[in-house]
1. How far apart, in nm, are the 7 Å Cα→Cβ label points at residue 32 and residue 100?
2. Between residue 9 and residue 109, what is the label-to-label distance in nm when each label sits 7 Å out along the Cα-to-Cβ direction?
3. Per 0.36 nm of contour for each residue apart, how much would the distance between residue 22 and residue 117 grow if the chain were fully extended, relative to their Cα-Cα spacing?
4. Taking R0 as 35 Å, what's the FRET efficiency between residue 44 and residue 90 from their Cβ-Cβ distance, rounded to 0.05?
5. May I ask you to order 109-116, 15-22 by the average number of other C-beta atoms within 10 Å around their residues, highest value first?
């Protein structure tokens, strides 16, 4: 997609899984949420992606709305997402980070899309 960073889906998934591990989510549940065949595959992707907690950060913005910040060689990026079910993550909006706070217009786009998919 134009304007999106060249961060691979596997890297985002590994980053997400790493954060879940650090927050105490059982590995078998992470495997199911992220769609890996088995625990060995999950561990291999996390290791290959070289993900560290300092390279990605998560925070809850609203009841359902979450933010993922990823630091990549080409700069920082933000992804707003929602977990629709225990195993369905939906990315609502993403953009290249330009400051410490999420610009209100970027957050508004994510909230609008959240309303659209919540109907």
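We did not get these values from a lab; they are worked out from the coordinates using the rules stated. This one's a predicted model, so the numbers in the text were calculated from it and none came from an experiment. All Cβ positions, even for glycine, are placed from backbone atoms using ideal geometry, and neighbour counts span all protein chains on display.
1. 4.1
2. 2.1
3. Value of the extension gain: 31.3 nm.
4. Numbers: r = 26 Å, r/R0 = 0.73.
With a Förster radius of 35 Å, E is 0.85.
5. Numbers: 109-116: 15.4, 15-22: 18.8.
Per-residue mean Cβ counts within 10 Å order the peptides as 15-22, 109-116.
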